[in-house]
Amino acid sequence: GNAKIIKGKSEDELKGEIAKFEKMLASMSAVNMKALEIYEQVETEYNKLVGKKETLLKEKEDVVVLMDEIEGKKKEQFMKTFDAINGKFSDKFSVLTNKGKGFLYLENGEKPFDGGMDIRIKSGGQRFMDIRGLSGGEKTMTALAFYFAVQEYEPHSFYVMDEVDASLDKHNSERLAQLIRQYCK
């Protein structure tokens with residue numbers, strides 16, 4: 001049916017081609033009769049592995065979605081807490097310093113866990129300063145404002161403070177005492 005008829009070749013040319021093909025056939029090794037059976041086994045194993053790979057990829061996607069959801073909730077809860085404490089800190093700092101302003105500052109507002117937190121203070125000048133540039137008394141008042149902000153956010157019934165007014169002048173010590181009296185009520 002589908003055999004190609006060769007025309008225009010002599011009998012010797014045809015015999016030469018036949019000899020060449022017989023030599024090629026003789027150089028081929030014996031046909032492995034189990035090859036199809038082995039192929040089917042390997043194909044079955046391959047298909048199982050492909051199925052496992054697809055299952056693992058789906059599970060990985062589910063885990064990544066869950067991790068992103070947890071990260072989102074973690075950031076949301078952190079920012080809620082940060083904003084609440086920041087507001088209370090600003091209030092307490094104003095009470096303790098009378099004329100000053102202060103706020104908490106995140107180094108990376110988009111990804112708060114990738115950076116730190118800083119405190120910015122304006123005590124009398126025109127610009128906000130980093131806490132490292134403050135005097136000992138100003139640092140103490142700033143730390144106390146932060147301490148009371150956290151206390152108001154997550155109150156506890158008992159606190160121990162030891163010589164917190166050691167670096168404060170008389171005026172600031174009196175302000176601190178007034179704030180503590182308010183908490184005692």
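For this structure, a couple of remarks:
- The simple spin-label model puts a point 7 Å past each Cα toward its Cβ; for Asn47 and Glu13 those points are separated by 4.9 nm.
- Dipole of the range 1-160, positive direction: furthest Cα of Met28, Phe89, Ile131, with charges on the beta-carbon: Ile131
- With a simple spin-label model that places each label point 7 Å from the Cα along the Cα-to-Cβ direction, the separation between Ser173 and Asp114 comes to 4.8 nm.
- Each Lys and Arg adds +1 at its Cβ and each Asp and Glu adds -1 at its Cβ; summed about the Cα centre, the range 95-184 shows a dipole of about 440 debye.
- Across Phe113, Phe21, Phe128, mean-square fluctuation computed from a Gaussian network of the chain (C-alpha pairs under 10 Å connected) peaks at Phe21.
- Among Gly100, Ala145, Tyr183 the positive-end extreme of the charge dipole of the range 99-185 (Cβ point charges): Gly100
- For the chain: Kirkwood Rh in Å [reciprocal of mean 1/r, alpha carbons]: 24.3 Å
- For the range 1-46, trypsin sites (Lys or Arg not before Pro) meeting the loop criterion (DSSP other than H, G, I, E, B) and having at most 15 other Cβ atoms within 10 Å: Lys4, Lys7, Lys9, Lys34.
- Dipole magnitude for the range 41-94: computed about the Cα centre from +1 point charges on Lys and Arg Cβ and -1 point charges on Asp and Glu Cβ, it is near 300 debye.
- For Asp118, nonlocal amide neighbours, meaning residues 5 or more places apart or on other chains whose placed amide H falls under 5 Å from its own, are Tyr105, Leu106, Glu107.
- Residue ranges 171-184, 55-68 sort as 171-184, 55-68 when ordered by packing (mean number of other C-beta atoms within 10 Å per residue, highest first).
- Magnitude of the charge dipole for the chain, about its Cα centre and with charges confined to Cβ atoms of Lys, Arg (+1) and Asp, Glu (-1), is about 580 debye.
- Seen from all directions on average, the range 1-100 presents a Cα convex hull projection of 18.2 nm².
Only the coordinates and a few stated rules stand behind these numbers; no lab work does. Here the structure is a predicted model, which means the values were calculated and not measured. Every residue, glycine among them, receives a Cβ derived from its backbone with ideal geometry; neighbour counts consider all protein chains shown.
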